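Notes for the one structure printed next.
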Amino acid sequence: MTDPKPLAGKTLLMSGGSRGIGLAIALRAARDGANIALLAKTDQPHPKLEGTVHTAAAEIVAAGGQALPIVGDVRDEDSITEAVLKTQGEFGGIDIVVNNASAIDLSGTLELATKRFDLMQGVNVRGTFLLSRAAIPILREAENPHILSLSPPLNLSPKWLGAHTGYTLAKYGMTMATLGVAAEFAGDGIAANTLWPRTTIATAAVKYSLGGDRMMAASRTPEIYADAAYHVLVQPSREYTGQTLIVEDVLEAAGVTDFSSYAAVPGTPDAELFPDVFLD
């Protein structure tokens, strides 16, 4: 008989997660009764962005999970070490790592400030590598260990390589780090996969970085990402690893074929949704 709540009692350590996609993934796991540790910088409310690590923790508890908010910077090795040790100490282990934290700047090469380039490399690539690495010794002890990074497949089309080189490097770096871990630790039974959507997702990053309310209206909700992530994280780790997965493909394999409920504006036809980068 299939376990109706396969993530019950499992411990998930996530970078970021104060809002948006990361919080949606955390809440989906919390509905099973999972333990969620969040390593995030947002300790105090942001003037433009809703949510802090503390409000996210409250939502996780309300959804049925246990929460451990950890204020820290995924670029900082000491913060990562502290987060891993606190999570292990609080919940007795780590079953899942979600590399959710990500910085975005779609400026062209000549316009991209070096500071922004370094931020994207630090959060996206360094953060993914360091958090995954720090958790691996504990993941080795888990029954069904998973690492999931929210990053795209490696599409070398000039259309995307030339569109925003700095951001592309950072997101592809997340993917390469994850695929490398998958190959290196396959013998330990640690799954490592990436997950990316076919359309833009209605988050603050989309609103403020990609195109405002028009783009938000042509997007899907974070819940589509969360439901797909859930399906990935309950798979047998020794059999389901080293893949660059697409949200909609994962859901279709799980039997979901109607995505209309995920439209950020109900009733929006698929043809009017804005396709995400890196896929075509």
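The values are calculated or read from the model by the stated rules, or taken from the named source; none is laboratory data. Because the structure is predicted, anything quoted here is derived from the model rather than measured. Note that we place each Cβ from the backbone using ideal geometry, even for glycine, and neighbour counts take in every protein chain shown. Protein only, heavy atoms only, side chains kept; ligands, DNA and RNA dropped before computing areas. Shrake-Rupley method; radii C 1.70, N 1.55, O 1.52, S 1.80 Å.
Could you work out which residue, out of 110, 169, 39, moves most in a Gaussian network model of the chain, that is, has the largest mean-square fluctuation with Cα springs under 10 Å?
110
With each pseudo-label sitting 7 Å past Cα toward Cβ, what's the residue 252-residue 141 distance in nm, one decimal?
With each label placed 7 Å out from Cα toward Cβ, I get 4.1 nm.
When Cα extents along the principal axes in Å is calculated directly from the model, which label among (i) 53, 42, 40; (ii) 45, 42, 39; (iii) 56, 43, 37 fits?
Correct label, based on the coordinates given: (ii).
Compare the Cα positions of 160, 108, 27 along the charge dipole of the chain (+1 at Cβ of Lys, Arg; -1 at Cβ of Asp, Glu; about the Cα centre) and return the one farthest towards the positive end.
Checking the options against the dipole of the chain, the answer is 108.
Which of rounded, prolate, oblate describes segment 146-280, given a ≥ b ≥ c as roots of the alpha-carbon gyration tensor eigenvalues and a/c under 1.5 marking rounded, otherwise prolate only if a/b is larger than b/c?
Values: a/c = 2.36, a/b = 1.33, b/c = 1.77.
Cα axes put segment 146-280 in the oblate bin.
Determine the shape class of segment 235-280: with a ≥ b ≥ c the square roots of the Cα gyration tensor eigenvalues, call it rounded for a/c under 1.5, and otherwise prolate if a/b is greater than b/c, oblate otherwise.
Working: a/c = 3.57, a/b = 1.76, b/c = 2.03.
Oblate is the answer for segment 235-280, as a/c is 1.5 or above yet b/c matches or exceeds a/b.
If you place +1 on the Cβ of every Lys and Arg and -1 on the Cβ of every Asp and Glu, how big does the dipole about the Cα centre of segment 1-46 come out, in debye to the nearest 20?
80
Amide H of residue 259: which non-local residues (sequence gap of 5 or more, or other chain) have their own amide H closer than 5 Å, using H built in the peptide plane?
For residue 259, whose amide H was placed from the backbone, there are no distant partners under 5 Å.
Considering only protein heavy atoms, with the full assembly of protein chains and a 1.4 angstrom probe, order 259, 129 by accessible area, largest first. Could you put the intermediate results ahead of the total?
Working: 259 20, 129 100 Å².
Output order, biggest surface exposure first: 129, 259.
So which residue, out of 34, 183, 57, gets the largest mean-square fluctuation from a GNM of the chain using Cα contacts under 10 Å as springs?
Greatest mean-square fluctuation among the candidates belongs to 183.
Looking at 230, 247, 203, which one has the Cα that reaches farthest to the positive end of the dipole of segment 177-280 (charges on Cβ: Lys, Arg +1; Asp, Glu -1)?
The residue sitting farthest along the positive end of the dipole is 203.
Which GluC sites (Glu not before Pro) in segment 72-111 pass both tests, a DSSP loop state and at most 14 other beta-carbon atoms within 10 Å?
Values: sites: 77, 82, 90, 111; in loops: 111.
Sparse-neighbourhood loop GluC sites (Glu not before Pro): 111.
When the dipole is taken about the Cα centre of segment 18-157, and only Lys, Arg (+1) and Asp, Glu (-1) are charged at their Cβ, what size is it in debye, to the nearest 20?
Values: 12 positive and 16 negative charges, 55 e Å.
The calculation lands at about 260 debye.
Give me the accessible area of residue 55, 1.4 Å probe, in Å² rounded to the nearest 10.
60
If the only charges are +1 at each Lys and Arg Cβ and -1 at each Asp and Glu Cβ, what is the size of the charge dipole of the chain around the Cα centre, to the nearest 20 debye?
Numbers: 21 positive and 31 negative charges, 89 e Å.
My answer is approximately 420 debye.
Tell me the relative contact order for the chain as a rounded percent, counting alpha carbon contacts under 8 Å between residues six or more apart.
On the way: 562 pairs, mean separation 49.1, N = 280.
So the answer I get is 18 percent.
Mind telling me which of 94, 104, 201 comes out most flexible in a GNM of the chain, alpha-carbon contacts under 10 Å?
With Cα springs under 10 Å in the chain, the top fluctuation among 94, 104, 201 is at 104.
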